[in-house]
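The values are calculated or read from the model by the stated rules, or taken from the named source; none is laboratory data. In this text, all values refer to a predicted model and were calculated from it rather than measured experimentally. Here the Cβ positions follow ideal geometry from the backbone for every residue, glycine too, while neighbour counts run over all protein chains shown. Please note that ligands, DNA and RNA were not included when accessible areas were found on the heavy atoms of the full protein model with its side chains. Shrake-Rupley method; radii C 1.70, N 1.55, O 1.52, S 1.80 Å.
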Amino acid sequence: MREAARLLAAAGVPSAEHDARALAAHVLGVERVEPALAPTPPASFFPVFAALVERRCAREPLQHIVGSAPFRYLTLAVRPGVFVPRPETETVAQLAVDEARRLTAAGRTPVVVDLCCGTGAIALAVATEVPGAVVTAVDASAEAVALTRENARACGAAVPVVHGDATDPRVLADLDGIVDVVVSNPPYIPPDAVPLDPEVRDHDPALALYGGGPDGLEVPRGVVARAAALLRAGGLLVVEHADVQGAGMRDAVARLGAFEQVSTVSDLTGRDRMVVARRVGDHGADGT
């Protein structure tokens, strides 16, 4: 593992020691490996481990190699062709979970929609952490829809997954005006801001990365407009964005005239990463 970590670091992998341990654990079929307590590996371990280290040195994502990614309390299946969930999105999910829990405590059955669901990370976090929440997920990618359904079955969550354009007014039209939370991690990278990390640039699908328009916010604006129709009065909007897009996203939300309390929320590293707002309208008796 020390030699693997050295090779990974030389290849520019930023989490070399962690990845070396994760690859060793994957080959051994255990959750984690502590060097001081590592079992004696079978002879078959070494060529398999070396081959996986070589793939990681070529900057293939660790999640693709081991076939899974952690997200909050879940371990999600991942595969090429679907966006790999990132730790910063856990903060986005937290706001949706908190709102759903608040409504449950008030005697309500929260209705939550995850637009641009990818692996289903946010939708499944809400569904598993807030029992009784009615959660629906949407994605334009057939591969993402299939993977979210697979992950939902694996974690025992009854989450319908719709294959469609999250900005299309016809998608989930039956939920217009009755949704409590719309949460989204849409594509938002501008066309001229190609990611530097090979793991993202060469392996995440363009459909999940580039948001359209010169500022990358064409899809996020469409998501916000769709959320305005889906949300009931007082409903919560949470949309992830890049740390330089806070002002642009606040402006996009405010321009619709359908939201109030528009603000930017930081992730755990202190970077601006999501816009949050409430759908305007008469507040309900539960204070929403």
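Packing order of peptides 103-111, 175-183, 236-244, highest average first: 236-244, 175-183, 103-111 (average count of other Cβ atoms within 10 Å over each peptide's residues). Derived from the Cα gyration tensor, the three semi-axes of the equivalent ellipsoid of region 43-157 are 32, 14, 12 Å, largest first. Could you tell me what percent of the accessible area of the chain is made up of carbon and sulfur, with a 1.4 Å probe and every protein chain present? Accessible surface attributable to carbon and sulfur in the chain totals 56 percent. Could you give log10 I(q)/I(0) at q = 0.09, 0.14, 0.15, 0.16 Å⁻¹ for the chain, computed by the Debye formula over C-alpha point scatterers of equal weight, without solvent? Rounded to two decimals, the profile gives -0.46, -0.99, -1.11, -1.22.
Full extension of the chain segment joining Leu256 with Leu37 gains 73.0 nm, where the gain is 0.36 nm per residue of separation less the Cα-Cα distance. Set the Förster radius R0 to 41 Å, insert the Cβ-Cβ distance between Ala105 and Arg55 as r into 1/(1 + (r/R0)^6), and round the FRET efficiency to 0.05. It comes out at approximately 0.30. Test of understanding: extend the Cα→C-beta vector of Asp165 to 7 Å, then name every residue of region 215-236 with backbone N under 19 Å from that spot. Only 215-230 pass the distance filter. Estimated purely from DSSP H runs of n ≥ 4, each contributing -39500 (n - 2.57), the mean residue ellipticity at 222 nm for the chain is -11500 deg cm²/dmol once divided by its residues. Multiplying the residue separation of Cys155 and Arg232 by 0.36 nm and removing their Cα-Cα distance gives an extension gain of 24.8 nm.
Solvent exposure of region 217-288, expressed per residue, is 42 Å² of accessible area, with all protein chains present and a 1.4 angstrom probe.
Relative to the longest principal axis of the Cα atoms of the chain, the long axis of helix 16-28 makes an angle of roughly 80 degrees. Highest mean packing comes first when the peptides 44-55, 119-130, 14-25 are listed by Cβ atoms within 10 Å, giving 119-130, 14-25, 44-55. Taking 0.36 nm per residue of separation and subtracting the current Cα-Cα distance, fully stretching the chain between Arg79 and Leu196 would add 40.0 nm. What the phi angles of region 53-69 give under the Karplus curve with 6.51, -1.76 and 1.60, with θ = phi - 60°, is a coupling list of 4, 4, 5, 5, 4, 7, 6, 5, x, 3, 5, 5, 5, 8, x, 7, 8 Hz, glycine and proline written as x.
Solvent exposure of region 9-160 amounts to 45 Å² per residue of accessible area, where only protein heavy atoms count and the probe is 1.4 Å.
Just to be sure I understand: of the beta bridges DSSP finds with both ends in region 1-152, what percent are antiparallel, rounded to 5? In region 1-152, DSSP labels about 45 percent of beta bridges as antiparallel. Take the Cα radius of gyration of region 137-288 and divide it by 2.2 N^0.38 Å, N being the number of residues; the result is 1.08.
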